[in-house]
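Visitor: Take this structure, written in structure tokens, and hold onto it; I'll ask about it next.
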Amino acid sequence: MQMNKYSQLPVTNNGVRGIVGYISWESISEAWANGIESECVKDYVKEEIQIIHPDTPLLDAVKTIYKNDFAIVIGNGNDKSMLGIITTADISSEFLSNTKPFLLLEEIEKSIRVLLNGTLLLEDIKDICKNTEKEISSIDDLSFGDYKCIIENPRLWDKLKIDADNKLLVERLDEIRKIRNEIMHFAPDGIDEKAIGVLDNISKYLGSLIKYKYRDVRGN
């Protein structure tokens, strides 16, 4: 358990079949506190195990796992083999992995709006983004394609007074736009770590641009 950083392990009496319970750091500590100093696993086993199956509804499985910290997955029908163990840490890790791209995109979009907001007139924005399908009544209506059009426009770029390489920023926004489209169309293979790394780096980069653009204002 220590070597593999496991919190608990199922205990069986017949390979992957015949689960008799589980052993955990908690069960070991509890036994030691009660004077048990055995070197046998059986003396630290807890028999109260929660079992779920591959066809258990997802929400029901999540409730069971969160209530008990983990659950053991057993095969359906005649196959009662243990398929694995799912813990709250597994669910948290999967949730973070699935939501991180969306959270980063939201953070990036907020940062772009901070950089644009209060600097450009709505008429200027509408004129540059006149080919967009959506009616623009505020900066909140802009898409990543619109942001790109605004920033690559020399006249509006001068007004923004952003201390950055215009060409590089436009390239990064186009990269974000492509990743966003992939995410929103639910790519079957998911978003790879490289794309998440790009989102993370650009989010931090935009944060630094905001910091330096408004440092004089905060200083006053």
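Quick note: the coordinates plus some simple rules give every number you see, no bench work behind them. Please read all numbers here as calculations on a predicted model, not as lab measurements. For neighbour counting, all protein chains shown are included, and Cβ atoms are generated from backbone atoms with ideal geometry for every residue, glycine included.
Visitor: With each label point set 7 Å from Cα along the Cα-Cβ vector, what nm distance links residue 165 and residue 90?
Guide: About 4.5 nm, to one decimal.
Visitor: Separate question: Taking a spot 7 Å from the Cα of residue 83 along the direction of its beta carbon, which residues of region 31-56 have an amide N less than 12 Å from it?
Guide: The answer is 52-56.
Visitor: If you don't mind, another one. Given C-alpha coordinates of region 95-219, what is the ratio Rg to Rh with the Kirkwood estimate of Rh?
Guide: Rg divided by Rh gives 0.97.
Visitor: Enumerate lysine pairs in region 8-90 that are 8 or more residues apart or on different chains, then count those whose Cα atoms are under 22 Å apart.
Guide: Lysine pairs meeting the criterion: 4.
Visitor: Return the subset of 100/167; 126/204; 126/211; 161/211; 100/204 for which the Cα-Cα distance in this structure is over 19 Å, preserving the input order.
Guide: Over 19 Å apart, Cα to Cα: 100/167; 126/204; 126/211.
Visitor: Run through region 1-72 and list the chymotrypsin sites (Phe, Trp or Tyr not before Pro) located in a DSSP loop whose Cβ has at most 16 other Cβ atoms within 10 Å.
Guide: For chymotrypsin sites (Phe, Trp or Tyr not before Pro) across region 1-72 that sit outside H, G, I, E and B with at most 16 neighbouring Cβ atoms in 10 Å, the list reads 6.
Visitor: Taking the Cα centre of the chain as the origin, how large is its charge dipole in debye, to the nearest 20, when only Lys and Arg (+1) and Asp and Glu (-1) carry charge on their Cβ atoms?
Guide: In debye, rounded to 20, the chain gives about 640.
Visitor: Let me ask something else about it. In a solvent-free Debye calculation with one equal scatterer on each Cα, what is log10 I(q)/I(0) for the chain at q = 0.10 Å⁻¹, listed in the order of the q values?
Guide: Those come out to -0.67, one per q.
Visitor: Please state, rounded to one decimal and in Å, the Kirkwood hydrodynamic radius that region 1-123 gives when every pair of distinct Cα atoms enters the mean of 1/r.
Guide: One decimal place: 17.8 Å for the Kirkwood radius.
Visitor: Can you sort 109, 47 from fewest to most other Cβ atoms within 10 Å of each residue's own Cβ?
Guide: By the 10 Å Cβ count, ascending, the order reads 47, 109.
Visitor: Report, in deg cm²/dmol and to the nearest 500, the calculated mean residue ellipticity at 222 nm for the chain, where each DSSP H run with n ≥ 4 adds -39500 (n - 2.57) and the sum is divided by the residue count.
Guide: Result for the chain, helices only: -16500 deg cm²/dmol.
Visitor: Taking springs between alpha-carbon atoms closer than 10 angstrom, which of 83, 105, 116 fluctuates most in the Gaussian network model of the chain?
Guide: So, out of 83, 105, 116, the one fluctuating most is 83.
Visitor: If contacts are Cα pairs under 8 angstrom and at least 6 residues apart, what is the relative contact order of region 95-219 in percent?
Guide: 36
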